[in-house]
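Student: Once you've had a glance at the structure underneath, I'll fire off some questions.
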Amino acid sequence: MNKDHKKRLKQFTDEMMLLGSLQGFQYFQPWLRGKEELLLTVVNEDAVWQSHYPLPAPNVLSVQCQDQNLRLSPSREEMAGNMEDMVPPASPYEREISMPGTNCTLFLLAVYAKYQHPYVWIRSSHERFVNVNKNDALAHDSPLKLKSISEWNVKSIHIWNVVAELVQLCTIPPPLNPLALDMKYFESLPLTERLLSSGAVAKFLQRLVTDTSSIDKDYYHLALEDLSAITKFHFQTLRDIWLHKAQQNTEISDEEKPDELSL
């Protein structure tokens, strides 16, 4: 393995660790499982879209997947074309204990030392993407053939490229900004946690938009808008904390004042 490969592998692993420490995204939720695995829960159907279109549009998933690298496969042979050769994860599907919430699909993104390459596996709702026998362990533990993963060896592919592709493949309809933030989540946090979380996400988005060559131009401007909103929210939270502490200090000073002597 050459130095360039080692450098890109370390960069991707560091980005995976960073993303796994963040929360507050609208279409997905990441969390780390050890040093090599990232579990990713991705929304199946946009709740806002569902409220406007309560009945499922015919063939939406089929059309969406046929335009991408994944598709609904009528046969095992076609499915094999959408899955990589046998590259099993360290956490087999049959032993998977994590379960996605309602209206979500669970994915496993990992960078194992023995493979020296990132891979993604479906951990739930296989039937949304491929026809697979429930008892077929080989199919369940074969990684997805994603465009971003396939190009990792030859292009500058970052963790957000992989996540964005998964969201656009999984969520109906595909969101304009797959990395969109959920501002209501940040607003619901206690002040101190709100400050830390918003600052961490702002730093992540700064890193994302700075590397313009690695982000899809279709949602670059939307990511900039989110960065502006979360940065403004972060400094507003800092101001709120300062005002809260100032008020507390004033109350303490008032309590410590001696009672005035009555004449």
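Student: Gln248 - would you say it is assigned to a helix (DSSP H, G or I) and modelled with pLDDT of 85 or more?
Tutor: no
Student: Within the range 172-183, how many residues turn out to be farther than 20 Å from Gly20 by Cα and of a type outside the set (A, V, I, L, M)? Write out each step before concluding.
Tutor: Going residue by residue through the range 172-183, those that are farther than 20 Å from Gly20 by Cα are 172-176.
Subsequent filtering for residues that are of a type outside the set (A, V, I, L, M) retains 173-175.
Selection size over the range 172-183: 3.
Student: Here is a list: Asp218, Asp226. Which entry is without any contact (Cβ under 8 Å) to a residue 60 or more places away in the chain and in contact with a strand residue (DSSP E or B) (Cβ under 6 Å, 6 or more places away or on another chain)?
Tutor: Asp226 is the lone residue from the list that is without any contact (Cβ under 8 Å) to a residue 60 or more places away in the chain and in contact with a strand residue (DSSP E or B) (Cβ under 6 Å, 6 or more places away or on another chain).
Student: Sort through Leu189, Leu195, Leu179 and tell me the only one that's in contact with a Ser or Thr (Cβ under 7 Å, 6 or more places away or on another chain), on the phi < 0 side of the Ramachandran plot, part of a loop (DSSP other than H, G, I, E, B) and surrounded by 14 or more Cβ atoms within 10 Å (Cβ to Cβ).
Tutor: Leu189
Student: Going by what's in this entry, would Leu22 be described as at pLDDT 95 or above and either in a loop (DSSP other than H, G, I, E, B) or crowded, with 20+ Cβ neighbours inside 10 Å (or both)? Steps first, answer last, please.
Tutor: Details: at pLDDT 95 or above: yes; either in a loop (DSSP other than H, G, I, E, B) or crowded, with 20+ Cβ neighbours inside 10 Å (or both): yes.
So Leu22 passes the test.
Student: Does the range 149-164 include one or more residues that are modelled with pLDDT of 90 or more and open to solvent by 40 Å² or more (accessible area, probe 1.4 Å)?
Tutor: yes
Student: Tell me which residues, restricted to the range 158-169, are over 12 Å from the mean Cα position of the chain (by Cα) and part of a helix (DSSP H, G or I).
Tutor: Once the filter is applied, which keeps residues that are over 12 Å from the mean Cα position of the chain (by Cα) and part of a helix (DSSP H, G or I), the range 158-169 yields only Leu169.
The values are calculated or read from the model by the stated rules, or taken from the named source; none is laboratory data. Here the structure is a predicted model, which means the values were calculated and not measured. In this analysis, Cβ positions are derived from the backbone assuming ideal geometry, glycine residues included, and neighbour counts consider all displayed protein chains. Ligands, DNA and RNA are stripped out before the accessible areas are found, and what is left, the full protein with its side chains, is counted by its heavy atoms. Shrake-Rupley method; radii C 1.70, N 1.55, O 1.52, S 1.80 Å.
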